[in-house]
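S.K.: Provided herewith is a single structure, encoded as C-alpha cells, for subsequent inquiry.
We did not get these values from a lab; they are worked out from the coordinates using the rules stated. No experiment lies behind these values; they were computed from the predicted model shown. Heads up, the Cβs are rebuilt from the backbone with ideal geometry, glycines too, and the neighbour counts pull from every protein chain shown.
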Amino acid sequence: MIQAVCHCGAARLTAPAFAEVTECNCSICRRLGARWAHYSPKDVTLPDPQTTQLYVWGDRMLAFHRCKSCGVATHWQSLDGSRDRMAVNARLVDGVDWTSLRIRQFDGADTWRYLDEA
Ligand SMILES: [Zn+2]
C-alpha cells in the first residue's frame, strides 16, 4: 500500500502500490504538474472531506481536490461518485523510485488517447 500525503499533512489517501503513472497535458493537469495513479474508488481510502476543497469546471464531470490548508492537489474523482475511476496524485507519495515506473503521456488536451499507444 502507498500513502499520499499533502504538504501540511492534513489530507491523506491510502491505496495499493502503483506500477505506472500518467502525465496529462490537459489545461488543468499540466498546470498542476501531477502524475496520476489511477484506481477504482473502492480501492482508495479518501481523505476526510473536511480537509479538501473541490475544483470543478467545464462539463462538471470531475472534481479536483486540493488540501484546504496547503493547497496541494491530492486527487480527482467523479463529481457525482458514479464513475468507477479516480486518480491519486502520485507526487504526494514519499520515496517513489520514478526510474522504476512506467510514466505514460495522456493527450487529454486533444485526442484523449495515450501518446505512447501505437
Ligand atoms: Zn495540506
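S.K.: Using Cα-Cα distances under 8 Å and only pairs 6 or more residues apart, what relative contact order does the chain have, in percent?
M.R.: Here the relative contact order equals 32 percent.
S.K.: Still on this model: For the chain, compute Rg over Rh where Rg is the Cα radius of gyration and Rh is the Kirkwood radius from the inverse mean 1/r over Cα pairs.
M.R.: On the Cα set of the chain, Rg over Rh gives 0.94.
S.K.: For the stretch 48-112, what does the alpha-carbon gyration tensor say about shape, rounded, prolate or oblate, given a ≥ b ≥ c as the root eigenvalues, a/c under 1.5 as rounded, and a/b over b/c as prolate?
M.R.: oblate
S.K.: Sum up the charges of everything whose Cβ sits under 13 Å from the Cβ of Leu92, counting Lys and Arg as +1 and Asp and Glu as -1, but leave Leu92 out.
M.R.: Counting the neighbours of Leu92, the net charge comes to +3.
S.K.: Continuing with the same structure: Near Leu101, within a Cβ-to-Cβ distance under 11 Å, what is the net charge of the other residues, with Lys and Arg +1 and Asp and Glu -1?
M.R.: In short, +1.
S.K.: Using only alpha carbons, build the gyration tensor for the stretch 1-64 and give me the equivalent ellipsoid semi-axes, biggest first, whole Å.
M.R.: 19, 16, 12
S.K.: A further question follows. Just add up the charged neighbours of Ala63: K/R +1, D/E -1, any other residue whose Cβ is under 11 Å from the Cβ of Ala63.
M.R.: +2
S.K.: Distance from the Cα centre of the stretch 1-59 to that of the stretch 71-118, in angstrom?
M.R.: Going from one Cα centre to the other spans 8 Å.
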